[in-house]
1. Among Asp90, Asp76, which is the only one that is closer than 30 Å to Ala62 by Cα and assigned by TED's automatic domain parsing to the domain that holds Ala62?
2. Output yes when any residue across segment 29-38 is touching a Leu at 6+ places or on another chain (Cβ under 8 Å), free of Cβ contacts under 8 Å to residues at least 60 places away in the same chain and not in a helix (DSSP H, G or I), and no when none is.
3. What number of residues within segment 138-161 satisfy the criterion of being buried (at least 17 other Cβ atoms within 10 Å of the Cβ) and in contact (Cβ under 8 Å) with a residue 60 or more places away in the chain?
4. Would you please name the residue that is surrounded by the fewest Cβ atoms within 10 Å (Cβ to Cβ), looking only at residues in segment 8-55 that are modelled with pLDDT under 90 and hydroxyl-bearing (Ser, Thr, Tyr)?
5. For the structure I just gave you, tell me whether Ala62 is in contact with a strand residue (DSSP E or B) (Cβ under 7 Å, 6 or more places away or on another chain), modelled with pLDDT under 80 and surrounded by 14 or more Cβ atoms within 10 Å (Cβ to Cβ).
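The values are calculated or read from the model by the stated rules, or taken from the named source; none is laboratory data. All values derive from a computational prediction rather than experimental measurement. Ideal geometry is used to build each Cβ from the backbone, glycine not excepted, and the neighbour counts take in all protein chains shown.
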Amino acid sequence: MEAGEQIPARFGLGGFSTAAAQLLAPLAATLRSTHPSLEVQVLEANPARCFDLLVAERIDIAVIVAMQSDTYVEDDPRFEQTVLLDDPLDVIIPSSHPLASREKVTLEELASEPWITEAAGSTYHSLFTAAFTAVGVTPRIAHEAVEWETQIAFVGAGLGVGLLPRLAPCIVPKTWFDCASLARGSHRGALSLRCAVAALHRP
C-alpha cells in the first residue's frame with residue numbers, strides 16, 4: 001500500500017502451509033499494526049484453491065507454488081503473477097544414517113531408501129515426484145505424512161528419509177535428524193519450490 005493510496009476496509013491473504021506460517025502471518029501482523037482500521041484475514045489453502053478464492057474476491061493476493069505443470073498460472077489473463085522467492089528443499093536424514101555427516105547428497109544415492117512424503121495430489125508430492133522423474137529414479141515411498149513435524153518425527157525414528165523446505169517451521173529437536181543439500185548435477189538445478197505472488201487482474 002503506497003502513500004496516498006486509499007486503504008480498503010478488508011484485505012485477504014492466502015497461501016499454502018509454509019507460506020502462510022512464515023510469510024503471511026508476519027505480513028498480517030505488520031498490516032494490522034500499521035493500519036489498525038484494516039481488517040486482515042489469512043486463509044491457508046493449496047494453490048488451486050487460492051485461485052478460486054481470488055476469483056471469488058475472498059482474498060486479494062496469494063502466495064502460491066509456481067510449478068511448470070501449473071500452466072493456468074501464467075496463461076490465464078485473469079491473474080497477475082510475480083516471482084517472490086525460491087525455497088530450496090533439503091534432504092532430511094536420520095542422525096544415525098551413513099550419509100548424515102555429508103553436506104550434500106544426490107537423489108541417486110538415496111534411490112533405495114524408504115521415503116516419507118505427502119499423499120499424492122498435494123503440491124509437495126508433485127514436486128517430489130518430478131524431482132525423481134528428472135533423474136530417472138522411482139522412489140520407494142514407505143510412509144505418508146501431512147505435517148512437517150510428523151515427517152521429521154518419522155525420519156528421527158529411523159523410518160526413512162524425506163525432503164523439507166527451508167521455509168518449514170521446525171519444532172522437533174534437531175538432534176533427531178540431519179539436513180543435507182541436494183547436490184547440483186543429480187537433477188536440473190537446485191531442487192526448490194518457486195513461490196510467486198498472484199493477484200486477480202483488475203483493469
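1. Details: Asp90 fails: assigned by TED's automatic domain parsing to the domain that holds Ala62.
From the options Asp90, Asp76, the qualifying one is Asp76.
2. Just the residues of segment 29-38 that are touching a Leu at 6+ places or on another chain (Cβ under 8 Å), to begin with: 31-32, 38.
Of the ones still in play, those that are also free of Cβ contacts under 8 Å to residues at least 60 places away in the same chain are 31-32, 38.
Those left that are additionally not in a helix (DSSP H, G or I): 38.
Checking segment 29-38: at least one residue is touching a Leu at 6+ places or on another chain (Cβ under 8 Å), free of Cβ contacts under 8 Å to residues at least 60 places away in the same chain and not in a helix (DSSP H, G or I).
3. Residues that pass the stated criteria total 5.
4. Filtering first and then ranking leaves Ser17.
5. Numbers: in contact with a strand residue (DSSP E or B) (Cβ under 7 Å, 6 or more places away or on another chain): yes; modelled with pLDDT under 80: no; surrounded by 14 or more Cβ atoms within 10 Å (Cβ to Cβ): yes.
So Ala62 fails the test.
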